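A short reminder: the numbers here are calculations on the coordinates, not readings from a lab. Nothing here was measured: the structure is a model prediction, and the numbers come from that model. Positions of Cβ are backbone-derived with ideal geometry, glycine not excepted, and every protein chain shown enters the neighbour counts.
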Amino acid sequence: MVSFGDPWPEFNDGIYYRDLLRPSDDGATLIEFYSRKYQSSAPLHGWLQRIHNKQITVNGGVVTDPNTILRGGAELVYHRLPWKEPDAPHLVEILYEDDDVIALNKPSGLQVLPGGLFQQRTVLTQLQRHAGGCQEPHPVPVHRLGRGTSGILLCAKTKLAKSRLAAFFADGTSVVGVCRENDQQQKSTRNITKLYRALASGIIIEDEVVIDQPIGLVKYPGVANGLYVASPSGKPAWSKVVVLERNMLNNSTLVQVEIQSGRPHQIRIHLSFIGHPLIGDPLYSTGGQPKCSDHELVDQSFAEDGGYERPEKPVPGDCGYHLHAHRVLFTHPVSNEIIEITAPLPSILRRTVDVID
């Protein structure tokens with residue numbers, strides 16, 4: 001298979017955040033504006049540090065007085081200084097490509113889109129570089145995989161492909177191009193089917209388990225928008241788990257999981273909900289809830305720029321679990337052909353006896 005990806009530089013380029021002051025903020029001081037609007041980015045003393053460090057301009061001029069009065073219409077720019085991002089793989093395999101779609105085999109540990117400490121070390125950055133700067137628009141992912149999840153990532157190369165694939169994912173995922181004639185109530189077909197491999201803790205007794213536990217958000221330290229967990233008041237979610245192999249010696253179960261919905265961290269949450277969290281998952285425990293952790297994992301790259309230190313408790317982007325997007329069937333967004341793509345399995349997710357699916 002063809003791979004691409006440039007090695008990561010030691011430091012990224014930093015980021016510039018621009019704001020146009022609204023009339024409602026007229027008369028606020030510089031420190032009031034940033035500490036109020038971006039309180040999830042840094043504490044008060046962190047924003048004072050950034051101001052004194054000449055990282056903020058107002059209408060193009062550096063301002064170091066935190067009590068500077070702001071007037072409506074002013075342009076504010078905060079420069080987040082370059083930092084050394086955590087280690088991440090840089091090579092990405094191409095599994096399928098045509099004029100409209102490119103399917104990648106994302107390695108575990110590589111983030112899909114910029115966020116948090118990972119602003120440059122992402123799949124999106126490598127796609128932009130791969131396009132050579134001459135293709136507009138450049139290919140973009142149309143869905144996400146968790147940073148610790150490996151396997152098939154679909155990306156669109158045109159606006160039409162992007163809009164249609166995004167609509168397919170929004171519709172959910174199920175069997176492609178097959179009508180279930182034996183069902184009393186015929187089910188509508190979907191345009192995407194996603195099959196994952198995962199290594200769950202414990203021995204799952206049933207050969208097949210369907211999980212329809214809703215998934216919702218709760219407040220959680222270090223996650224600004226909240227953490228997704230099993231919640232009766234959450235949004236509907238559906239996963240079908242099929243046991244492939246039970247390992248009594250290691251007290252683990254190798255499973256295939258088909259998801260019809262695509263809630264964030266759905267497979268991790270659903271398997272933990274039934275009492276079988278993924279082996280090595282640092283975040284989710286039995287019941288689809290976060291673990292209580294006393295481990296201190298502090299990354300000073302947050303604190304150096306005045307921001308919050310890395311949360312002490314595990315967060316969704318932490319790796320360690322074994323989850324792989326193994327097979328995808330989808331309706332091509334332009335030709336309407338049924339395309340099937342398979343990503344090679346990591347050795348730990350292969351069956352002891354090689355059985356052809």
Open item on the list: As an exercise, identify the GluC sites (Glu not before Pro) in the stretch 192-247 lying in DSSP coil whose Cβ has no more than 12 other Cβ atoms within 10 Å.
Closed with: 206
Task: Stokes-Einstein diffusion coefficient of the chain, Kirkwood radius over Cα pairs, 10 °C, 1.306 mPa s, in µm²/s - done: 70
Task: Relative contact order (%) - the chain, alpha-carbon pairs under 8 angstrom, separation at least six - done: 16
Task: Residues 326, 52 arranged by fewest to most Cβ contacts within 10 Å - done: 52, 326
Task: Gain in span if fully extended, residue 332 to residue 131, counting 0.36 nm per residue against the direct Cα distance - done: 70.2 nm
- [ ] For the stretch 15-80, report the convex hull volume of the alpha-carbon atoms normalised per residue, in Å³, without decimals.
- [x] 70
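For the stretch 1-112, what is the Kirkwood hydrodynamic radius in Å, using each pair of distinct C-alpha atoms? Can you show the working numbers first?
Details: mean 1/r = 0.0589 Å⁻¹.
After inverting the mean inverse Cα-Cα distance, the result is 17.0 Å.
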TODO: Assuming 0.890 mPa s and 25 °C, estimate D for the stretch 86-173 with Stokes-Einstein, Rh taken as the Kirkwood radius over Cα pairs, in µm²/s.
DONE: 185
Open item on the list: Going Cα to Cα from residue 37, which lysines come in below 22 Å? Please leave out same-chain ones fewer than 8 positions away.
Closed with: 54, 219
TODO: Find how much the distance from residue 350 to residue 224 grows on full extension, using 0.36 nm per residue of separation minus their present alpha carbon separation; answer in nm with one decimal.
DONE: 41.7 nm
TODO: Return the lysines within reach of residue 194: Cα separation strictly under 25 angstrom, same-chain partners fewer than 8 residues apart disregarded; answer none if there are no such residues.
DONE: 106, 157, 159, 162, 235, 240
- [ ] For a footprinting-style exposure proxy, rank 281, 6, 171, 318 by other Cβ within 10 Å, fewest first.
- [x] 6, 171, 318, 281
- [ ] Would you mind calculating the relative contact order of the stretch 119-170 from Cα pairs under 8 angstrom and at least 6 residues apart, reporting the percent as a whole number?
- [x] 29
TODO: For the stretch 156-161, just list the computed ³J(HN,Hα) in residue order, Karplus coefficients 6.51, -1.76 and 1.60, θ = phi - 60°, integers in Hz, with x standing in for Gly and Pro.
DONE: 9, 9, 9, 5, 5, 4
